[in-house]
Amino acid sequence: MSLDQWHHIGSIALLCTGLYIVISRDNLVKKMMGLNIFQVAVIFFYVTMGKVTGGTAPIIPADAHGHEVLYSNPIPHVLMLTAIVVGVATTALGLSLIVRIQEAYGTAEEDEIVRLDLEEIG
Amino acid sequence: MIQSNMPALIIVTPMLVAPILVFVRHRIVARVLAIATAWWCFYLAVSMAGVAQDTPIAYDMGGWEAPLGIAYTVDAFSSLLLLIVSGIASVVLPFGPGSALLAIPEGKNNLFYASFLMCMAGLMGIAITGDLFNVFVFLEISSLASYTLIAMGKSRRALMAAFSYLVMGTIGGTFTLLGIGMVYQLTGTLNMADIAQRLPDVIDSPATRVALALIVVGGSIKLAVFPLHQWLPNAYTYAPSAVSAFLAATGTKVSYYVIVRGIFTLFGVSFVFGTLHLERLLVPLALLAMFVGSTAAIFQTDLKRLLAYSSIAQIGYMVLGLAMANQAGLTGGIVHLANHAVIKGGLFLVVACITYRMHTSKIDELGGLAQRMPLTAAAWLVGGLGMIGVPTTAGFISKWYLVMGAIDRGWYGIAFAILLSSLLAVVYVWRVVEVFYFREASDKSNLEAPADMLVPTWFLIAMTIVFGLYTPWSAGLASKAAALLLAAS
Amino acid sequence: MTPEMAIKLSLALPLFGAAGVIATGKWPNVREAVTMIAAFLTFGTVCTLYPVVAAGGRPELYIGEVLPGLAIAFKVEPLGMLFALVASGLWILTSIYAVGYMRGHHEKNQTRFFTCFALAISAALGIAFSANLFALFIFYEILTFSTFPLVTHHGDAKAIRSGRIYLGVLVGTSVAGLLFAIIWTYAIAGTLDFTPGGILAGKASGNGVALLLALFAFGTGKAALMPFHKWLPNAMVAPTPVSALLHAVAVVKAGVFTIMKVVVYIFGIEYLTDQGASQWLMWVATYTLVVSSVIALTKDNLKARLAYSTISQLAYIVLAAAIATPAAVVGGSMHIAMHAMGKITLFFCAGSIMVGAHKTNVSQLDGIGHRMPFTMGAFTLGSLSIIGLPPMGGAWSKWHMVLGAADADQMFFAGVYMLSSLLSIAYLMPIVGRAFFIAEKLPEADDHDHGEAPLLCVIPSVLTGLGTIVLFFIAEPLYQLLLPIVGVAQ
C-alpha cells in the first residue's frame, strides 16, 4: 500500500476510532461523540474521493472560453451535504434522548442505567 | 396528472403533510389528516401495483432524466413493499384513541402523527427509488423517525431502547453509506440500473467485495439478522404498542428489500452466490436465528418481548429464502415478508388491546383473558396459528415456498429444519393460549377492547386467513418479483 | 341433488350445524335438536353420493387454487365414500349418545363441545373427499385443531397436559413428516392429485421411496404408529362421546385413511410392491400391533385398555397397506368400517358404565352384566367383532387382510394377524366374563345401587352393537364398492 492512498487509511483510522469509542465508553455523550467521528470518517472518504489533483471548484470561469478546465468531481461533495445534514439530525436526536434519559434516570452512564433497570425488575 | 405522477405523489404527500401536522394542534384534525394521508398512499400503492406487477413503472423525479436526476422505479418487488408499508400504516393509524393508547401528553399527538408519516415516507422511499444514494437518505429519514416513535413509549426504558437503536442504526446506515461510496467509486454512477451494467466489469476488484460486505452488513444490522439483532427486542418491547406493530411489520422488511436489491440487482447472483458463496455464511446464520430466536421466545415472560424474539426467528426464514437464490426460495422469502408483516402487525395490535385494558403485557398476569376479552384472545389464537403456519393461514404459504426452495436446491436437511423450527412456534404461541383459555381469571367482568381497536386488529388477523387462501396479491406478486430479480442477475 | 351439490352440502351442513349450535346455545333442547338435524341431513346427503360412486362415478367439486397448481378440490372415490359414510352415519348415533352422556355427567361448556364436534365432522368429511394431498393436509390440520378443545374439555391440569401431548404429537408429526413428504412429492412429481395407479412411479426409487413412505407413515400421527401413539391414550381424558366417535372413528381413521390413500393413489400398490419399499413398515406395524395389544392387557382402566386396543387395530390397517396386495388393501379399507362399528360400541358402553355406575376400571366390573344387561350385551357384540368372529363384521375384514398377506407370500404376517386375534380375546373377553360370570361383591356401605345407564346412552350402544352383525351381512356391497381402488373393474 502506497502513501498516495493515505486518505483511505486516514478514513479507516477515523472509522475504527469512532467505533471503538462507541463500544468502549459508558457515558452516552461520549458514545455520541464516537458516533460523530465514525460518521465523519465516511464523509472524509467521500470528499477525498471527489478531489482531483490540481482541480478547482467545479465552476467554469467567465474567461475560460472553451478551454478545458480541470475541476473536482462535485457529486461526492454534494452528496456529503446531505450526509452532514443526516449526521446533524442524528446527533440532535441522540443528544435530546440523552437529556431525557438524564431526566428519567438521573445519570447518563450506561452501566448505571443498566443497574437501575435491573433493580427495577428486582 | 395524478395518474402519471403517482410514484412521486406517494412519497411527497406524507412528506408534505408531516410538517403541516406539526402546526395542527387540534387532536381530531391531526388524526384525520394523518389517516387520510395513509389511505391516500395506500390507494396510490394499489393503483400502481396493478400496473407495475407486469410492466415496471419508471419515473424521473422533477423531470431530470437519469443518470443526472433521480429515477424512481416501481416493479413487482417494490410495489409489494409499498403495499405493505402503506397498508399497515392505514390499519395502524386509525387504531385506538391515540393519546390514551400511546400515553403521549395531550397536545403532542400531532408530533406523533408527523413522525409516523415521515417514517412511512422514508420506508416507501427506500422501496421506490432507483438511486443508490437516495436509498441511504430515505433509510436515515425512516430511522430517525422511528427512533422518535420508539422513544415515545411509556416506560423510561423506551428512551434507552431508542438510544441503543439510534447507535446501532447509525452504525448500520453509515456502513451502507460507505458501501455506496465504494460502489460509486467503482462505477461512477449512483443509478442502480447503470451500476448493475457496469459492476460486472470490475467484479474482480477487491473493492467490489468490500462494498458488498458493507452493504450487506449495514442492511443486516437494520434487518436484525442474527447475531446483529440485539437492539430489536428492547426497541419493540418498550415502544408504544401501535408503533411496535407498525415497525415490526414494516421496518425490518424494508432493510430486507435493500439487501435483496443489493445482492440480486446490483451485484448479481453469480457473483454473490456463485463466486463468493455468501450462502455459506447466510444459511447458518439464518438457521441459528430461527432456532435461537424461537427458543428465546419460548422463555419470555412478556408478550411483546415474546413477539420481538419471534420476529428475529422469522427474519431468519426470510434470509434463508434469499440465500437459496432460486425461484421458490426467493419467492418464499419475499412472500414471508408480506405474510409476516400482516401476522406480526396483527399480533402486536392484539397486545396493544391487552395492554390498553389490562395495563400489563406480562403473560403471568393475563390468566383467563379469554373470559374477559374473548375477541382479543381469539385474535391471538388465530394470529398465532398463522405464525405457526397452519394450513389456510398466510404462514403456511411462506413455509410451503421455503421448503420447496430448499428441496429444489437439494438441501433436504434444511427443509427439515424449517419445519422443525416452526414447531417451536407452536410452543410459544400455545403457551400463551393456555394461559388465556385454561386459567381462571380472578375478576371475570367484561373488559373487551373498544371497537375502534378491535376492528383494525381483526382486520389484520382476518388478512392472515385471506392470504392463506387467496394469494395473487401476496404469493403472486412475490413470485413475479422473484422471477424479475433472478432474471436480472 | 347433483353430486357436486351433495359434496358441498355434506361439508357445509356440519358447519351450519356448528353455527346453529352457537346461536341456540342458550336453549339446550333446541341446541341438541340442531345437532341432531345437522347429523341426519349430513348423513342423508352423504348417502345420496353412494349410488353414484357405486356405479363407478367419481363426482368432483373444484373450489379454487391457493397457489398455482395447488387446488382445494374434492373428488369422491370408493375409499373416501366409505370413510364418509362411517363418520357421518356414526355421528347421528354419537349425537344421541352425547346428549344422554353430557347431561348424565353434568358436563360444563356443552355448547363449545357440540360446536367443535360438528367442526371436526366437517373436517373429517373434507379429508374423505379431498381430491389431492394438499386439500387433505388442510383438513387434516383443521381436524387436529378442532378436536383440541374437546380433548381439553375439562380444563383441569390433567386435561391441559394431555392437550399438550395431543397437539405436540399430532402437529409435530404432521409438520415435520407429512408436510415434508407432501412438498417433496410435489417437487418430484409436479402434482399432488390422487391418481389411480399413483403419481410417483418412475420418479423415485429404492431408498427414496422407502424414506418418503416413512415420512408419510410416521408423519400421519393420527394413525398412531409407534412411537407416535402416545397422544391417543392421553386423548382419553375427553368426554366419552369424543373418545367414541373421534378417537375410535373419525380422527384415527382419518390417519389410516390417509396412509391408505397415499399407498393406493400416490405410490400405487404395484409400484410399492415392485420397489419392496414397504417391508420395513410391515415390521413397524407388527411391532405396534403386538406391543400395544400386550399393553392393553395390562391396563385396568377401561378406556385406556380400549385406547391401546385401537392402536393395535390401526396397526392392522397400516400393515395391510404396507403389504399392498389387492386383497390386503381392500381388507384394510373394510376394516376402517368394521373396526369403527365395533370400537364405537365398546366406547359407548364404557361411557354408559361411567354414567350409570360411576365405574372406570375393569376390576370394578364384577357382575355388572346383571345390572346393565343391555350395555354389557352390546359390549359383548362389539368385542366379538373386534376379535373377528363371525357373524360379526370384523370377521370379513380380517379374512381379507389375512388373504392379502398370504397372496404376497408373507405367511409370517398372516400369522401375526392370527396371533393378534388371540391377544384381543385375551384383553376383551375377561371384561365380558367378569360382567356376567363373576358375582358382584357385596356392596360396601357407600356403594350406591344402580341400574342401566340413561336410555339415550343405551339405545345407541345397542344399535351399534347390532350394527356389527348387520355389517357381516352387508359386507358384499362394501367389498364391491372398494374393488375398483385396486384396479379391479366392478
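Table for the structure above
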| item | result |
| --- | --- |
| Filtered residues of the range B:1-56 (kept if β-branched (Val, Ile, Thr), in a loop (DSSP other than H, G, I, E, B) and more than 12 Å from B:Val74 (Cα to Cα)) | B:Ile2, B:Val24 |
| Matching residues, the range C:402-441, being touching an Asp or Glu at 6+ places or on another chain (Cβ under 6 Å) and assigned to a helix (DSSP H, G or I) | C:Arg434 |
| Residues within the range C:24-61 that are within 24 Å of the chain's Cα centre (by Cα) and on the phi > 0 side of the Ramachandran plot, tallied | 0 |
| Residue in the range B:149-170 that is nearest to B:Lys253 (Cα to Cα), counting only those that are outside any loop (DSSP other than H, G, I, E, B) and more than 7 Å from chain A (Cβ to nearest Cβ) | B:Gly169 |
| Qualifying position, being of a type in the set (S, T, N, Q), away from every other protein chain (no Cβ under 14 Å) and out of contact with any Asp or Glu (no Cβ under 8 Å at 6 or more places or on another chain), among A:Thr91, A:Thr56, A:Thr82 | A:Thr56 |
| Condition check for C:Phe216: surrounded by fewer than 24 Cβ atoms within 10 Å (Cβ to Cβ) and of a type in the set (Phe, Trp, Tyr) | no |
| Within the range B:278-291, considering residues that are surrounded by fewer than 18 Cβ atoms within 10 Å (Cβ to Cβ) and among the aliphatic types (A, V, I, L, M), the one farthest from B:Ala245 (Cα to Cα) | B:Leu281 |
| Test: B:Val466 is of a type in the set (A, V, I, L, M), under 21 Å from the mean Cα position of the chain (by Cα), within 30 Å of C:Val66 (Cα to Cα) and within 12 Å of another protein chain (Cβ to nearest Cβ) | yes |
| Test: C:Gly404 is crowded, with 22+ Cβ neighbours inside 10 Å and on the phi > 0 side of the Ramachandran plot | no |
| All positions within the range C:221-232 that are more than 15 Å from C:His247 (Cβ to Cβ) and crowded, with 24+ Cβ neighbours inside 10 Å | C:Leu225 |
| Which listed residue is within 17 Å of C:Phe412 (Cβ to Cβ), part of a helix (DSSP H, G or I) and in contact (Cβ under 8 Å) with a residue 24 or more places away in the chain, from C:Leu306, C:Leu281 | C:Leu281 |
| Every residue from the range B:405-422 that is touching a residue at least 24 places away in the same chain (Cβ under 8 Å), facing chain C (nearest Cβ under 7 Å) and within 23 Å of the chain's Cα centre (by Cα) | B:Ser422 |
| Condition check for C:Gly255: of a type outside the set (Asp, Glu) and within 16 Å of C:Phe228 (Cβ to Cβ) | yes |
| Which listed residue, of C:Val66, C:Val86, C:Val76, is in contact (Cβ under 8 Å) with a residue 40 or more places away in the chain, more than 27 Å from C:Ile474 (Cα to Cα) and crowded, with 19+ Cβ neighbours inside 10 Å | C:Val66 |
| Pairs, first on the phi > 0 side of the Ramachandran plot in the range C:364-376, second surrounded by fewer than 24 Cβ atoms within 10 Å (Cβ to Cβ), C-beta under 9 Å, six or more apart | C:Gly367/C:Arg434; C:Gly367/C:Phe436; C:Gly367/C:Phe437; C:Gly367/C:Ile438; C:Gly367/C:Ala439; C:Gly367/C:Glu440; C:Gly367/C:Lys441 |
| Leading residue by the ranking (surrounded by the fewest Cβ atoms within 10 Å (Cβ to Cβ)) among those in the range C:99-129 that are at pLDDT below 85 and small (Gly, Ala, Ser) | C:Gly104 |
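The values are calculated or read from the model by the stated rules, or taken from the named source; none is laboratory data. As the structure is a computational prediction, the values presented were derived from the model and not from experiment. For neighbour counting, all protein chains shown are included, and Cβ atoms are generated from backbone atoms with ideal geometry for every residue, glycine included.
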